[in-house]
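See below for the structure under consideration.
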Amino acid sequence: MRGRRGPATAARRVGASGVTKRNRAAHPEGGTCHQRPLRARLLRAPQSPPFAGYCACGRSAGWSRDVGLTGERLSGAGGAMGRGSRPRGPFLLPLLLLLLLAAVASGEAPSLPLVLNTWPFRKAAEAAWSTLLAGGSELDAVEKGCGQCEVEQCDGSVGYGGHPDEHGETTLDAMIMDGNTMEVGAVADLRRVKNAIGVARKVIEHTQHTLLVGESASLFAESMGFPSEDLTTQSSLSMYLQWLNRNCQPNFWKSVTPDASKSCGPYKQAAKFTKEERSVSKKRIDVHNHDTIGMIVIGQNGSIAVGTSTNGADHKIQGRVGDSPIAGAGAYADSTAGAAAATGDGDLMMRFLPSYQAVEYMRTGMDPTIACQKVISRIQKYEPYFFGAVICANTSGSYGAACNKVSGFTQFHFMASNPTLKQPSEQIIDCI
């Protein structure tokens, strides 16, 4: 999947291989040159001096391929280097070293450390990146990055004062995961405490549990020293009152009486609810009603951590928990394979465990962009009009993303930070 060409912007458009459009350059022999992964270079017949005939593309800004030398066949013409044979003799190691050094010098190798986060939440990316550069751990960087969004109330979908539930209260969900130990800490339906990602980390550090919910999660947070504060703001109160004035439209009820598509509750179960009514109920939910921050951090040594934070779906039924605090749904990390994070309609996406599935695809050696696309395609088979996106990164620092194309959502913006990019940079992909 490649983005359309257009004027250069501060954001970088990423194609299906994870290579940005800025990585294209004129081939010295004519045509267009694309950055080639190291694996492709190793497969070239060594019938001329190393790298002779290769186009000299500029330094890559985004990495697209996992690099593996173990067991790779070098095919060539004639002699001991014939097709399907393995190189032999004392020349193998020097040749591989020359290939690797030249690839690194030209910007072909993935780069670590890496920070990725959903949506163009720049200050969150900067907070995580600066934490890593200052010597903080991957978990520290995730906590700082997601915590920055909680303070800023990113897009109204993260932190206090955002999406009120159907009773006008803002509640928070968050999760953090250590890809080395596979430990997870999460909170859901958290009340009165603003720093949800901080509380989630305390679940890892001070309990043997994985997920705490509701009032009990709030009491745990207060016992850990987090201040009790009102999460309602004038903005969230105004949103709630406007919703009431629209007869509580849209909402998440179905098969109830009175008709949830026309009036507020309280509701009771109805004997019948037609397919037409159910279809209308689904379409009323705004595609921008569900999102969050999901963050992936990979350290220089390959250790991985992920995290999420959100205030959930706007006007959700009280007590609702989405995908964000669920390991494998909202995010997932395994330092032996990679990491992924999802954003969008959490009620739907959590049924498919997209983050876990993407990591398992990458475990097989699949390119991160392709892994993201496959999990989106899997959901499309059942829900072709869902709103959602996934970001993915493997252990070497290659990264990618994918999203489902629906009306009003044709591109997905996310942030990436690594040594080559120099600073957190906005990336753009076209949805599929």
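Nothing in this text is a laboratory measurement; each read-out follows from the coordinates by a stated rule. What you are looking at is a predicted structure, and each value in this text was computed from that prediction instead of being measured. Heads up, the Cβs are rebuilt from the backbone with ideal geometry, glycines too, and the neighbour counts pull from every protein chain shown.
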Please list, or write none, the aspartates and glutamates whose alpha carbon is within less than 15 Å of the alpha carbon of K254, excluding same-chain residues fewer than 8 places away.
-> E166, E276, E277, D347
Proximal charge balance of H209 [Cβ under 12 Å; K/R count +1, D/E count -1] | -1
Would you please classify the overall shape of segment 355-406 from the alpha carbon gyration tensor, given that a ≥ b ≥ c denote the square roots of the eigenvalues, rounded means a/c under 1.5, and beyond that prolate means a/b larger than b/c while oblate covers the rest?
-> prolate
Cα-Cα longer than 24 Å, checked against K268/K405; K374/K422; K123/K194, kept in input order, equals K268/K405; K374/K422
Segment 294-432: Kirkwood hydrodynamic radius (Cα pairs, Å) comes out at 15.0 Å
By the C-alpha gyration tensor axes a ≥ b ≥ c (rounded if a/c is under 1.5, else prolate when a/b exceeds b/c, else oblate), the shape of segment 123-188 is oblate
For segment 318-329, Karplus-derived ³J(HN,Hα) couplings (6.51, -1.76, 1.60; θ = phi - 60°; whole Hz; x for glycine and proline) come out as 4, x, 5, 10, x, 7, 3, x, 9, 4, x, 9
How much length is gained on full extension from S255 to E169, taking 0.36 nm per residue of separation minus their Cα-Cα distance?
-> 28.5 nm
Roughly speaking, what is the stretch gain from C264 to M224, that is 0.36 nm per residue apart minus the C-alpha to C-alpha distance, in nm to one decimal?
-> 10.6 nm
